[in-house]
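Student: Can you keep this structure in mind? I'll have questions shortly.
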Amino acid sequence: MPSLDRAAIDPDADRVVRKLTRAGHKAYLVGGCVRDLLVARTPKDFDVATSATPNEIKATFRNCRIIGRRFRLAHVFFGAKIIETSTFRANPRDDDDHDLLIRRDNVFGTETEDARRRDFTINGLFYDVEREEVIDHVGGLADLDLKLVRTIGDPDIRFQEDPVRILRAIKFAARLDFGFEPGTWRALLRWRGEISKCAPPRLLEEVHRLMRGGAARRSFELLVETGVLAVLSPYLAGLLEGEGAPATAPPIAGALPRATIRQIEYDEEDPAEHDPDDPPEEEGEDGEAADGEAEDGEAADGGDVDLDDEERAWHRVWADEPAARPVAAAPVRLSFLSSGRELVRRRTLAWAALPWIDKAVADGRDPSNAVALGALLAPFLPDEARGGELAAAVQELAHPLIVQLHVTRRDSERMRYLLIAQRKLTAAGKRGARAELVGGREVIDEALLVFELVERAAGKEPPEAPAVAAEAAGAAPDEEDDPDRPRKRRRRRRGGRRRRRDLFAADGHGG
């Protein structure tokens, strides 16, 4: 039986498991925390799986709140910390093997069923804190020993059920320095185009985790090696793929596989979820549309209709071909870079910045989303541009990425600010002067962090504390010019003049 460091278990998570056990329920630590403990890594959080229902969990803990609708969870609060506690669940698809679309995920089950419905074997391990033993229903211990990422069950089905699992597989392989089980690898390549069907906020969140999880360099190598980067953002793939990159994208497949599900609807927190009251059309027993039979013996879907060449071509566009982006990088030409050779040099510098992002994470500096994206794009900035020319270059460089990854307004505005600040820092350093940066202390610190990461990527040693004039524009360091701080509204006092007039009259000076 493998051993893990019990001292590394969060005491509040341990308390939740033991209290549920004393109340007569089964309860285990589950998932990533068990995996990380077994490979001697510090878990970022601790999750609990139990036989208790959400209401039974709430009855056991006063500091508990139930969240979710389709996937109900209990959050047990210990100050700012949350121990996420879920009831054992079964796979809701078991009663219909012909439909891979997961519409609900609230079917209670046994601990074995709960383990088998998870994504990867290394995430399907339970830990019994009372008996101090690991429970393995899915072969996760063997894959930890072999250092392999393997889906639980058929990988073709698992990646179609929720293509975000493709990004999660890359994340785990990069962070743990694991390889892929061959069948999982082939399915990942086969269904990578399905990622474009997922809700953009879910994809963006996974991209942020790849960049800020301490393995950004390896994550992007895998994104290129699998061709997934081109699905997420053809523009970013064009910037990073090609000469100067440490990884090579796979050849473009002649044809994408036909998906067996039409639309992804999986995550309760998915903000782009489609209206459940507007389902796809159902088919009858003979494959005809359920809302009526076709006339004159023709198929309702038009399959037997006599179409000319133009009509058949149009039919292939909207009916036959899967709705997925082409898995290929878009050619990139930046107007402010003089040649393709210059683009290659900048690309090499961008790849060299990724390990320094990882170093910042390891040092506990926790770069924000804007810092991570800014450090990736800053190497491509023009050297001498300033003013309106610099603003136009930043827009040209950043806008396609913002659009394709659906970067939030807050992060996109912050990233633009950080990119413009890089040239101010560089120009001030050449003159030996103070860089005049406006904004709050937080945003200035982020600009300095991006500057440091890119300087180190170029093999330079940045000054320990670059001279910055934070008050140059008359702004308070933490307030007025922070682009993300809500503007304070001055409150006008009512009756001010009338109140002063009454006081004046009371002193005997008025009429």
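The values are calculated or read from the model by the stated rules, or taken from the named source; none is laboratory data. Only a predicted model underlies this, so the values are computations on that prediction, with no experimental measurement involved. Please note: Cβ atoms are built from the backbone with ideal geometry, for glycine as well, and neighbour counts cover all protein chains shown. Surface accessibility is based on the protein's heavy atoms, side chains included, excluding ligands, DNA and RNA. Shrake-Rupley method; radii C 1.70, N 1.55, O 1.52, S 1.80 Å.
Student: Going from most exposed to least, what order do Y417, Y127 have by accessible area with a 1.4 Å probe?
Tutor: So, going from the largest accessible area down, we get Y417, Y127.
Student: Also: Quick one: net charge of L176's neighbours, Cβ under 13 Å, K/R +1, D/E -1?
Tutor: Overall, the nearby charge balance is +4.
Student: Report the trypsin sites (Lys or Arg not before Pro) located in the range 109-197 that are in a DSSP loop and have at most 16 other Cβ atoms inside 10 Å of their Cβ, or state none.
Tutor: R131, K147
Student: Rounded to whole Hz and in sequence order, give me ³J(HN,Hα) for the range 152-168 from the Karplus expression 6.51 cos²θ - 1.76 cosθ + 1.60, θ = phi - 60°, writing x for Gly and Pro.
Tutor: 7, x, 5, x, 4, 6, 5, 6, 7, 4, 8, x, 4, 4, 4, 5, 5
Student: I would also like to ask the following. Whole-Hz ³J(HN,Hα) for each residue in the range 441-453, computed from phi via Karplus 6.51 cos²θ - 1.76 cosθ + 1.60 with θ = phi - 60°, x for glycine and proline: what do you get?
Tutor: With coefficients 6.51, -1.76 and 1.60, one gets 4, 5, 5, 5, 4, 5, 4, 5, 5, 4, 4, 4, 4 Hz.
Student: Checking the cross-link filter: which lysines have an alpha carbon closer than 20 Å to that of K26, excluding same-chain neighbours under 8 positions apart?
Tutor: Partners found: K58.
Student: Please report the accessible area of M211 (heavy atoms, 1.4 Å probe, ligands and nucleic acids excluded) in Å², nearest 10.
Tutor: 0 Å²
Student: In addition: Could you report the range 115-154's accessible area per residue, 1.4 Å probe, as an integer in Å²?
Tutor: 41 Å²
Student: At 1.4 Å probe size, with every protein chain present, just tell me what the per residue accessible area of the range 172-230 comes to in Å².
Tutor: Per residue, the range 172-230 has an accessible area of 29 Å².
Student: Please go through the range 139-225 and write out the chymotrypsin sites (Phe, Trp or Tyr not before Pro) that DSSP classes as loop and that have at most 11 other C-beta atoms within 10 Å.
Tutor: none
Student: Turning to a different aspect of this structure: For a test of the definition: using alpha carbon positions, the gyration tensor, and the 1.5 limit on a/c, classify the range 138-180 as rounded, prolate or oblate.
Tutor: Note, shape of the range 138-180 comes out oblate.
Student: I've got another one for you. Straight-line reach from K359: which lysines fall under 22 Å, measuring Cα to Cα and dropping same-chain residues less than 8 apart?
Tutor: Those lysines meeting the cut-off are K44, K171, K460.
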